[in-house]
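Chemist: Let me give you the structure first, and then I'll get to my questions.
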Amino acid sequence: MNKWDKSEKIEKKEEGIYSIGEPDLKSIYTGSQAIKKAPKIYGVPSGIEGLDNLFFIVTSENGKIIKKSLGGIPAYSVFNITGVSDTGKSLMVEQFAVKQASLGEKVAFITVETPANFLVSSLKLRANAMGLNFEKFEDNIILIDAASSTRLRENIPDLLSTLAYVIQNYKVNFTIIDSVTGLFETKEMLARSIVRRLFNFMKKWYQTALFVSQKRSGHEELTAEAAGGYAVGHIVDGTMVLAKELIDSSFKAKLYKKEIGEIIRLFRIDGCRMCGHDTKTRFLEITEEGLVVIKEPISKVK
């Protein structure tokens, strides 16, 4: 084959590629171009005892590899918080919202399950338990009541338009959706596309976001699977898995050092694209005051 034959084949191949569709040149970046737009990653305090030091970055100092705690959830990340009912998912995001609001940050809270007037009472209780005066920062939390609005629950473009308005007018940097499952509970086949739209929106607006999602009863307790399937968790930056287990045998009682009939709660971070993270399964406690606390790894039980 001479060079002319080769050139002709390349031209024909290119014709075949471009006949499929038009290339999107705006989507192409060199590494240096992309890095200019990359935000600096830092830790965002969660308000959840025992969680913030479970995220870290690795840097090099004087030729040595150093692991540094982020001191919080990685900024600009979108996390899925999944588990069965009564594991502490809503408590976690409420603590996060209260913590950020108390620091002077604006938080958009999309409530899909509980009407806004009931949710705000819960947020006030969470603040009181955390030793904070809710009245001092209550307007830093902007509630979007999708629980009372069928239009917002059923129409994702309207929901995102409402959220964009809130972000622009209230200078919001943090968004919570409790729960994202409520946005596709009657159309689970669309779960991936809905979560993808939400995820892309959060990235476009540089939000640090928490999505609560519900596990079905048939799902394994400590997997990242949630309503909508595993792919929902794969779309986001990471998943926090919450679980509970009934001590119903002498084996479990001995394993966990608990009495038969008690319930233990467990917590695990299932991946994080943004930074390093602790991989151990840990005990999770809900205190009498109604706060979630992340405890020691279950491997430390002797």
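The values are calculated or read from the model by the stated rules, or taken from the named source; none is laboratory data. Just so we're clear, the structure is a prediction, and the values are computed from it rather than from any experiment. Glycine also receives a Cβ, built like all others from the backbone with ideal geometry; neighbour counts cover every protein chain displayed. What goes into the accessible areas is simple: the full protein's heavy atoms, side chains included, and nothing from ligands, DNA or RNA. Shrake-Rupley method; radii C 1.70, N 1.55, O 1.52, S 1.80 Å.
Chemist: Distance in nm between label sites at His234 and Asp24, each 7 Å beyond Cα in the beta-carbon direction?
Modeler: 2.0 nm
Chemist: Rounded to whole Å, give me the distance from the Cα center of segment 176-210 to that of segment 229-284.
Modeler: That distance is 23 Å.
Chemist: Please tell me the relative contact order of the chain in percent, rounded to the nearest whole number, where contacts are Cα pairs under 8 Å and at least six residues apart. Walk me through the intermediate numbers first.
Modeler: Numbers: 544 pairs, mean separation 61.4, N = 302.
Normalised by residue count, the contact order of the chain is 20 percent.
Chemist: Please list 3J(HN,Hα) in residue order for segment 117-125, calculated via the Karplus relation 6.51 cos²θ - 1.76 cosθ + 1.60 where θ = phi - 60°; whole Hz, with x for glycine and proline.
Modeler: With the stated coefficients, segment 117-125 comes to 5, 7, 4, 5, 5, 5, 4, 5, 4 Hz.
Chemist: What fraction, in whole percent, of alpha-carbon pairs in the chain exceed 27 Å separation? If you can, show how the numbers build up before the last one.
Modeler: Numbers: 22097 of 45451 pairs.
Tail of P(r) above 27 Å: 49 percent of Cα pairs.
Chemist: Additional query: Within the chain, what's the longest run with no GluC sites (Glu not before Pro) in a DSSP loop and at most 10 other beta-carbon atoms within 10 Å? Give the range, please. Display every interim value, and only then the final one.
Modeler: Details: sites that count: Glu220, Glu259, Glu288.
Result, exposed sites excluded: 1-219.
Chemist: Work through the residues other than Ala146 whose Cβ is under 13 Å from its Cβ and net out their charges, Lys, Arg +1 and Asp, Glu -1.
Modeler: On the way: positive: Arg151, Arg153; negative: Glu113, Asp145, Glu154, Asp158, Asp178, Glu185.
Net local charge, Ala146 excluded: -4.
Chemist: Right, here's the next one. Round to a whole number: what % of the accessible area of segment 88-205 belongs to carbon and sulfur, probe 1.4 Å?
Modeler: Values: 2620 of 5420 Å².
So the carbon and sulfur contribution to the accessible surface is 48 percent.
Chemist: Also, I was wondering about something else. For segment 168-215, what does the accessible surface come to per residue with a 1.4 Å probe? Please give it in Å².
Modeler: 47 Å²
Chemist: Below 15 angstrom from the Cβ of Leu163, what's the summed charge of the other residues (Lys, Arg +1; Asp, Glu -1)?
Modeler: Details: positive: Lys106, Arg151, Arg153, Lys171, Arg197, Lys203, Lys204; negative: Asp145, Asp158, Asp178.
That works out to +4.
Chemist: Now, a different point. May I ask for the angle, rounded to the nearest 10°, between helix 89-102 and the longest principal axis of the chain, with both axes built from Cα atoms and the value confined to 0 to 90°?
Modeler: On a 0 to 90 degree scale, this one is about 80.
Chemist: Let me ask something additional. What angle, in degrees between 0 and 90 and rounded to the nearest 10, separates the Cα long axis of helix 191-204 from the longest principal axis of the Cα atoms of the chain?
Modeler: 80 degrees
Chemist: Can you compute the charge dipole magnitude of the chain about its Cα centre, using +1 on each Lys and Arg Cβ and -1 on each Asp and Glu Cβ, nothing else charged? Give it in debye, rounded to the nearest 20. Walk me through the numbers on the way to the answer.
Modeler: Details: 42 positive and 37 negative charges, 203 e Å.
Computed about the Cα centre, the dipole is about 980 debye.
Chemist: Under the 0.36 nm per residue contour assumption, what length would be gained going from the current alpha-carbon distance of Ser250 and Ile57 to full extension? Each step should come with its number before you reach the end.
Modeler: On the way: separation 193, 0.36 × 193 = 69.48 nm, distance 4.10 nm.
Residue separation times 0.36 nm, minus the Cα-Cα distance, leaves 65.4 nm.
Chemist: Related question: Taking a 27 Å limit on the Cα-Cα distance, which of the listed pairs Lys124/Lys187; Lys26/Lys67; Lys244/Lys300 fall beyond it? The partial results should precede the final answer.
Modeler: Details: Lys124/Lys187 33 Å; Lys26/Lys67 36 Å; Lys244/Lys300 18 Å.
Where the Cα-Cα span goes over 27 Å, the pairs concerned are Lys124/Lys187; Lys26/Lys67.
Chemist: Would you calculate a helix-derived [θ] at 222 nm for the chain, using -39,500 (n - 2.57) for each DSSP H run of n ≥ 4 and dividing by the full residue count, to the nearest 500? List each step's numbers first, then the result.
Modeler: Details: 9 runs with 98 residues, N = 302.
Estimated from H runs of four or more residues: -10000 deg cm²/dmol.
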